[in-house]
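Computed from the coordinates by the stated procedures, all read-outs in this text should not be read as laboratory data. Please read all numbers here as calculations on a predicted model, not as lab measurements. So basically every Cβ, Gly included, is an ideal-geometry build from the backbone, and we count neighbours across all protein chains shown.
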Amino acid sequence: MAPVALESEPRYLPLVLAGSHITASLYLTYIIGLGLYRSYAQLGPAQDTRGRISQRQKLVTAFGSLSLLSLGSAIKSGSEYLTLSYKVWASERGIPLLQTLSGGFSLENLTLDHVRAWLNDTPLYLDALEIVSEKARRLWWGQQLDLATVSWTMLLAVEGRRRKIPFLWAYAPLAHLVSLSFAQNLFYVAMLLTPAPIDITHKSSLSKLLARAFPPKPTNWSPRPAFFHVLLVLNYLVMFWVPRTAGGANFPTAVVISKALSLSPLILPALIPKSWGKIHAEPHDSYSSLTKLFNLMSVASLFLHGKTSIAGLWYNLPGSYKHRHSVRIPFDIEKRSAWERSTTAMEKILGSMTDHPAVAAAGKDVLLCAFSLGIWAAVRALDVDHMLKSVAPFYGKKSEKKTLPDPSYPKVAEMGTTEPSEPISESEPSRPSSSSGLTMKLRDRGKHVSSKLAGALTANGNAETSPNQAPRRRPGRPRKIKQEPTPEPELGTIDEVAGAPDAVGDSTYEPTPAVRVQTVEGDILPDDEFDWDSAALVWGLTALGGLGAGSSAVYGAECVSR
């Protein structure tokens, strides 16, 4: 084939776009790091306990390391793709490449004019996306990233806005510019450092300008679910259409529409007016609508992933591993042909990661996202029922309602006493009630109340009716002798008495607004060990239904876990 002549004067616009890609990625990473520092600086005193500090340091280190691993994988795959693309371009135009001892090529003959011409002639982004989309076995990897990005962006729109995470808008484009696993793990760190909504005091000029153009919405405000349903349906229809346009003139348009729709759940709450949404009295009022949204995402993800899996298993034509850059990939034709004939269809799908650096980048990103997803489910100890309800629309488990005991005095037989006690006469129907007004309500914890606690309650109830009888005290608890008995305030539950001793003695205590916010909207990690059952369920759903179904399960349970 005759070499293709170089253009006389290549344009600088492709070079500027490539440079802006790198600059934007660095800037977004910087401002996200700045937002993480601000979230850490505004942690309240309740988060500064020794146990929570130790746990937070471990988890932040773990997810931060995963984000660095994702960044390194993206840089390595990106450099391999750029090197391969330049080799193919140079071989087509007869430009000699100086080989090195390691098998690569030297950059001695790489000039700025060559780079300008290469970027001007080669659509790097469209080439990578088209190579992934043109064959079903490669689309099996790339489509999982697109499906998972939709559910992850919905998590940004729900939890990110609720927690008021600084620079929330920067996470979504970073997933497209670098990798989904990189932005995903950074957002996990942000959620760990922002357990409750924070007050953003320092705002950049860009944030102030956006706040003037789009006024912030009130607390507990959310758009009507119909808007999200329309955007999601359009998004999945475009995903179904994109592979059909690979290699055609409509492929660039389909890609632009797909990327714009994937960002729409995060942009929609800022664009629409306040009257197009609803202010919920309690955050729990929106749980049912959120579960339906994740139901839609999981069903659509299962349908598209199932269709792509069937197509990838069915597509077994010889030479399907070849692509436009195969001329510069050292395939061993004999070994590769024997492998294609002897391996199974599923192994061909998994082995397509070696076809091209772009497919390898997508496959590694999927694996890292799935691993981080399971770790996050284990760390958060997400409810299995919530995850299954987010995936299966008709899933429902009849939860046995715990019956609270009667606030009146419990019967001796129900309390499982081991010591003999006096029979209760019928003339004392309301024995715990006394003129002191002390009423306590026991919370059923699935265990029997001991007879000693019942004796203590009986003694308190008969303190005024039987002054000569010494009340029975609880073992190990000091007795307070009062000169003059004073009426005690009415208490709620035993847990409230034990958990708020100051409130008993000081009835004028009122929590500050910050404490109220952390109580209602707060987020506390479980102190026990990680729930690996939740992680196993997530990894099982991801293996069977793809990364989109696993993400819908975890993020759907996360949005209703408060």
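Points to keep in mind about this one:
- Taking amide H positions as modeled 1.01 Å from N, with prolines and chain starts lacking one, no residue 5 or more places away or on another chain lies under 5 Å from residue 178.
- Measuring spread by the Cα atoms of segment 69-199 yields a radius of gyration and Dmax of 19.6, 61 Å.
- Per-pair calculated FRET efficiency, R0 = 22 Å: residue 259 and residue 214 via Cβ, rounded to 0.05: 0.55
- Stokes-Einstein, applied to the Kirkwood radius of segment 139-274 over Cα pairs at a viscosity of 1.567 mPa s and 4 °C, places its translational diffusion at 80 µm² s⁻¹.
- Total formal charge among the other residues, if their Cβ is under 14 angstrom from that of residue 257, Lys/Arg +1 and Asp/Glu -1: +1
- Under a 5 Å amide H cut-off, with hydrogens placed 1.01 Å from N, residue 93 pairs with 4 among residues at least 5 apart or on other chains.
- D (Stokes-Einstein, µm²/s), Kirkwood Cα radius, segment 195-302, 1.567 mPa s at 4 °C: 79 µm²/s
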